[in-house]
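Since the structure comes first, as structure tokens, the remarks are kept for the end.
The values are calculated or read from the model by the stated rules, or taken from the named source; none is laboratory data. Keep in mind that this is a model prediction, so the values were computed, not measured. As a convention, Cβ positions derive from the backbone with ideal geometry for all residues, glycine included, and neighbour counts pool all protein chains shown. Please note that ligands, DNA and RNA were not included when accessible areas were found on the heavy atoms of the full protein model with its side chains. Shrake-Rupley method; radii C 1.70, N 1.55, O 1.52, S 1.80 Å.
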Amino acid sequence: MDQRRTAGAVVGLLLVTPAYAAGGAPPVVELPTLDIISTTPISGTGSDATKIPAAATKVDSTEIDRQKAPSVVQSLSQQVPSVQLQTVTGNDLQPDVEFRGFAASPVQGTPQGLAVYQNGMRVNEAFGDTVNWDLIPPEAVKSMEVISNNPAFGLNALGGAISVEMKNGFNTQGTTLDVMGGSYGRAQASLQWGKQIGPWAAYIDIDGVHDGGYRQFGASDLRRIYGDIGYKAEQSEFHISAGGASNNFGAAGTSPIELLEANWGNVYTTPQTELNQMGFVNLTGNVAVTPTWSLQANAHYRSFYQATQDGNPTDVQPCDPSQGGAAGFLCFNDPVTPANGLNGQQLANTFPDGAALGENDRTYTQTTSAGGTLQGTNTDKLFGHNNHFVLGASFDYSVTHFGSNAELGTVNPNYTVNPSGIFIGDSGFNDGVPTIGPVSLKTTNAYTGIYAIDAFDVTDRLTFSAGGRYNVANITLQDQLGTALNGGGDFTRFNPMVGATFKITPEITAYAGYSEANRAPTPLELGCADPVHPCILATFLVADPSLQQIIARTEEAGLRGTHSFGEYGRIGWQLGAWRTETSNDILNVPDPDQPGYGYFQNVGATRRQGIEAHLDYKTDKLTLSANYAYVDAIFLNSFLLGSNSPYADANGNIQVSPGNHVPMTPHHRIKFAADYDVTPQFTIGGDVNIVSSSFYDGDASNQFSQFPAYWVADLDASYQITKNFQIYAKVDNVFDNHYYTYGTFFETDNLPNYANGGNAFTDPRSLTPARPRAFYAGMKVTF
């Protein structure tokens, strides 16, 4: 059967791609599905896409497979107009997903604004709302939906939600072995199998990836497994799924532009490593109680462990006796303030004279989560009209143990921080509170939500939707070494939504909607919110004042449609406009007086607004798609903001004014994709992604020159040798463009420029370089 490549959206624009799409033959039989868009966190349920009063894009497994990327979100970057990928970590296996100026990022301290679910299980990590995309094996994903304007997805859905539905033995059958290798030591393999026997079905996927990295010390290894056992009767369906991952990353971070100009692979302070381990069990069920009432539920248990090591410059320095410091000892942040060890005594200076000092900052995060959702769906007619009503409740409870420490060392000319076995204790006291020191913290998150959504067909062309969700978030912090970090907060809010869709013609639908959403401060943010006591984000936490929750209000409207030209093909399109205003936005603010330190702060209101357009065209041999998004994100208030920008004043502040643009949010995103069947066996394709300039992270006052625009093109091809054997190849960054995916500022006087003879750095820019041109080839075998 033909595979389908979904490149449209809420619209329900399901496109049938050529039978042997580039990079992926039909390895596994996938049974057809209705064009349904999720309206609640429980995947596999939802409403007719044409009746959703908001924008939503659905990307299926065909497009995910075509990308051949270790990260599942690569397909979103190409197929969703407003999605852009950034690599704040410096490792492209750990991308940030930015949608409409809101992020779902693996980086602690990033202001998060998207809720993410996997088969109805929330995967935003409890401690910082981060999303570790590397834990999801791409081959096991059936579809991904990016949904805006719906509060039913709960906390953190400020900009929207991403719902990931995994494969099972009912919709995926057969066996596929896929092996690929190529540039920079890339080697990856996956094996998936699915089978149905009567009412029972099973599915399993195992994959592994090794990448040597295109930057120094950037090697990474991914190991993932996912499985599902299902039972389906006439009126019910149940699944138990489980998965696990153990992934190691050499995350190189940003590098000063002067180092990158000397060598594209240069790094600045290392080691920068990360270990992510995860395991979960998820139970889901759907039971038809009556012909018009059904119950859906899930219950899950999930464990997550993360260990990071981050080499950095340090504020520890030899004391200066001429200024009153203790001779032969180490001081913190100035030449006289003692730097203490773990025993509380001032550290002796055992390092060679003139040595450049650094520190290895280590963190350990262990989170155990459990929760579930129960909802009922009713399709009884109301006043003789079709009606779709959903009522549900969810509860998620998480316990996190967080620890951190810092080990001093000397910095080599390749910016490696050598270990010394000397650890920094409580030091840099301010009002009796240490600025730095070991941390041991226990946090609990209890999230409760009750939601209802109703879609009422006023006529066979007009559908009216309304609903809302009431969120309750209870967060507790318990200091395990004292009482300074004890705290927390309770946050509650009801978020409404209302909207309508109207079929102008059978092929054209108009939609409009309004919704609200909220995000409670995370334990990480609550533990580091005082500018008087900044922290090494997100390493060392101190006692802090409370933060307010973020409120987002979104309105959007648009048109979508399809048209068939018969034997000459079919087009699908959508055009929409949206606006989201947030209050009490939380920003990660660097402390200008202590490099590497910072705090979180409510900064008032922001407005993000834009236009999204999609067009695709499909014939028997050709598939074309084009996406455009305009995103304008600005601050609405005047405020002083701590920054390491070169334009900061003597106190280390910049003046942010109404109308200043939110950093790292480019105005224009343009995307093209094409696939063409040269013969029934041979297919070629390609993608082009164009991103306009933006302002550097840290330049909220918009005074520095802009972060540069970039464009990148990829090519792919496949040849189906036999029904069961396919070879394929791809070239990423065909024209070998040297561009950057993220940019910020750094303190130029922390360490010398060893790539320039030890002279001082003069350019404050620090950037993440993109992967240069890369060649990959592989084969796919089905049996």
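The table for this structure:
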{"quantity": "Accessible area of Asp454 in the full protein assembly, 1.4 Å probe (Å², nearest 10)", "calculated": "40"}
{"quantity": "19 Å cut-off, amide nitrogen to a point 7 angstrom out along Leu177 Cα→Cβ, residues in the stretch 727-744", "calculated": "727-729"}
{"quantity": "³J(HN,Hα), Karplus 6.51/-1.76/1.60, whole Hz, each residue of the stretch 381-390, x for Gly, Pro", "calculated": "5, 10, 6, x, 10, 4, 8, 10, 10, 10"}
{"quantity": "Taking all pairs of distinct alpha-carbon atoms in the stretch 734-783, Kirkwood radius in angstrom", "calculated": "14.4"}
{"quantity": "Reference-scaled alpha-carbon Rg (2.2 N^0.38 Å with N residues) for the stretch 650-743", "calculated": "1.66"}
{"quantity": "q = 0.11, 0.19, 0.28 Å⁻¹: log10 I(q)/I(0) that the Debye formula gives for the stretch 42-114, counting C-alpha atoms only", "calculated": "-0.33, -0.90, -1.29"}
{"quantity": "Exposed GluC sites (Glu not before Pro) absent - longest run of the chain, DSSP non-H/G/I/E/B, at most 16 other C-beta within 10 Å", "calculated": "235-506"}
{"quantity": "Kirkwood-Stokes translational diffusion coefficient of the stretch 591-679, alpha-carbon pairs, 25 °C, 0.890 mPa s, µm²/s", "calculated": "147"}
{"quantity": "Paramagnetic reach from Tyr647 (point 7 Å along Cα→Cβ, amide N under 19 Å) across the stretch 687-728", "calculated": "693-709"}
{"quantity": "Size of charge dipole - the chain - debye, nearest 20, with Cβ of Lys, Arg +1 and Asp, Glu -1, no other charges", "calculated": "2100"}
{"quantity": "Rounded to whole Å, sorted largest first: equivalent-ellipsoid semi-axes of the stretch 139-264, Cα gyration tensor", "calculated": "36, 23, 11"}
{"quantity": "Zone of His401's modelled label, taken as backbone nitrogen in the stretch 248-283 under 19 Å from a point 7 Å along Cα→Cβ", "calculated": "275-280"}
{"quantity": "Charge sum, other residues only, whose C-beta stays under 11 Å from Ala517's C-beta, Lys/Arg counted +1 and Asp/Glu -1", "calculated": "+3"}
{"quantity": "J(HN,Hα) series, the stretch 49-66, from Karplus relation 6.51 cos²θ - 1.76 cosθ + 1.60, nearest Hz, glycine and proline x", "calculated": "4, 6, 10, 8, x, 6, 7, 7, 10, 10, 10, 9, 5, 5, 5, 4, 5, 4"}
{"quantity": "Range of Cα positions in the stretch 261-371 per principal axis (Å), largest first", "calculated": "86, 42, 20"}
{"quantity": "Residue-span extension gain [Ala187 to Val498] - 0.36 nm each, minus C-alpha spacing", "calculated": "107.1 nm"}
{"quantity": "Tail fraction, Cα-Cα pairs, the stretch 314-407, threshold 20 Å, whole percent", "calculated": "62"}
{"quantity": "Computed label-point distance, nm, for sites Leu382 and Ser303 using a 7 Å Cα→Cβ extension", "calculated": "4.5"}
{"quantity": "Per residue, in Å², the accessible surface of the stretch 144-277 once ligands and nucleic acids are set aside, probe 1.4 Å", "calculated": "32"}
{"quantity": "Extension gain from Asp221 to Thr679, taking 0.36 nm per residue of separation minus the Cα-Cα distance", "calculated": "161.2 nm"}
{"quantity": "Contour excess over end-to-end distance, with Cα ends at Phe775 and Asp749 and 0.36 nm allotted per residue", "calculated": "5.5 nm"}
{"quantity": "Pairs of alpha carbons in the stretch 86-153 whose separation is greater than 16 Å (percent)", "calculated": "48"}
{"quantity": "Pairwise FRET efficiency - Ala327 versus Ser420, Cβ, R0 = 25 Å, nearest 0.05", "calculated": "0.80"}
{"quantity": "Relative contact order (percent, whole number), the chain, Cα cutoff 8 Å, 6+ residue spacing", "calculated": "12"}
{"quantity": "Value of [θ]222 nm, deg cm²/dmol, for the chain, DSSP H segments ≥ 4, -39500 (n - 2.57) each, nearest 500", "calculated": "-500 deg cm²/dmol"}
{"quantity": "R0 of 56 Å, Cβ-Cβ distance Gln655-Asp48: FRET efficiency to nearest 0.05", "calculated": "0.65"}
{"quantity": "Sulfur and carbon atoms: percent of accessible area, the chain [1.4 Å]", "calculated": "58"}
{"quantity": "Solvent-accessible area of Tyr364 with every protein chain in place, 1.4 Å probe, in Å² to the nearest 10", "calculated": "90"}
{"quantity": "The chain, Cα convex hull volume normalised per residue, Å³", "calculated": "141"}
{"quantity": "Cβ-derived FRET efficiency at R0 30 Å, Phe672 paired with Ser705, nearest 0.05", "calculated": "0.60"}
{"quantity": "Whole-number Å³ per residue for the convex hull built on Cα positions in the stretch 227-291", "calculated": "147"}
